[in-house]
1. Arrange the following residues from fewest to most other Cβ atoms within 10 Å of their Cβ: 296, 119.
2. Among 203-213, 97-107, how do they line up from the highest to the lowest mean number of other beta-carbon atoms within 10 Å?
3. How would the stretch 257-326 be classified by its alpha-carbon gyration tensor: rounded, prolate or oblate, with rounded meaning a/c under 1.5 and the a/b versus b/c comparison settling the rest?
4. At 0.890 mPa s and 25 °C, plugging the Kirkwood radius over alpha-carbon pairs of the stretch 102-238 into Stokes-Einstein gives what diffusion coefficient in µm²/s?
5. Quick check: pseudo-label points 7 Å beyond the Cα along Cα→Cβ at residue 157 and residue 91, how many nm apart are they?
6. May I ask you to compute the full-extension gain from residue 101 to residue 216, defined as 0.36 nm times their residue separation minus their alpha-carbon distance, rounded to one decimal in nm?
7. Using alpha-carbon positions, what is the distance between the centroids of the stretch 119-161 and the stretch 286-328, in Å?
8. Sort 279-287, 125-133, 265-273 by the packing proxy (mean of other Cβ within 10 Å over each peptide's residues), most packed first.
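Derivation of every value follows stated rules applied to the coordinates shown; laboratory data play no part. Keep in mind the model is a prediction, meaning the values are calculated, not measured. Note: ideal-geometry Cβ built from the backbone for every residue, glycine included; neighbour counts use all protein chains shown.
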């Protein structure tokens, strides 16, 4: 007598033909992830999905990835250049002769009126750059950097020509990438490039405020600005290039030396002579010395040779300080 029971399940899943290849199913334990692999011939395209169970017993796809979905985070077209050496993503402006109008490529946000130009002519400074000529404008350092980036360069190098306490001169050399305006033949040893250089300086006479303490940086910025402007024929002066000293020599060390000077015997003597004796000059102080001579409070034959407070010997300055302090 045959045993009765439930029919046996087919342990081998049915395979169906697929125009894209064959499907291979792996039978796993209940609740385990299922992996599906398609083989698409020579292309070897892959597709994988992992499923997790939710409380409603519905499978949700997680981390789905296909070969077609892989997109580079970098947009290579934005910075790629065409056969003329120009960026493909930029709308260039051109002159009548076919060359690039680099002046027209300067964004107006990098331009502002040259206040000094208008003040020198007793004219009000405009609030907008619209309608102004190039000689009435200044360009920010960021605008020059943007122009250099549009033109394209291989390297920027600086050489210190002179470096002193109050005078720094620096040469900037830029290796530009070749384009249809400046073609260059490529060799086996060096890449094709176009070299251009310019020089600028920064001194305590043509800088002001905090800039006098960073002469090397100011000189380097000025050299870079001039190198870019002159190579690209942009005739707007850079803001970093102009002299902001207003014709007054700047001495950054003065603020540090002056307080120290007041602590010396000569400095204290000068301060007391001004505050207590009401001496507005050293000649007034010498008149006081004559009075002290007459009163026999202080006598020194060398006093007639003193021309300023600093020429008074420290020892004599201390004696005079005590006399002035004790004077009623």
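1. Final ranking by Cβ density, sparse to dense: 296, 119.
2. So the peptides 203-213, 97-107, ranked by packing, come out 203-213, 97-107.
3. It comes out prolate by the Cα gyration axes.
4. 149 µm²/s
5. 3.9 nm
6. The span from residue 101 to residue 216 would gain 38.2 nm if fully extended.
7. 58 Å
8. 265-273, 279-287, 125-133
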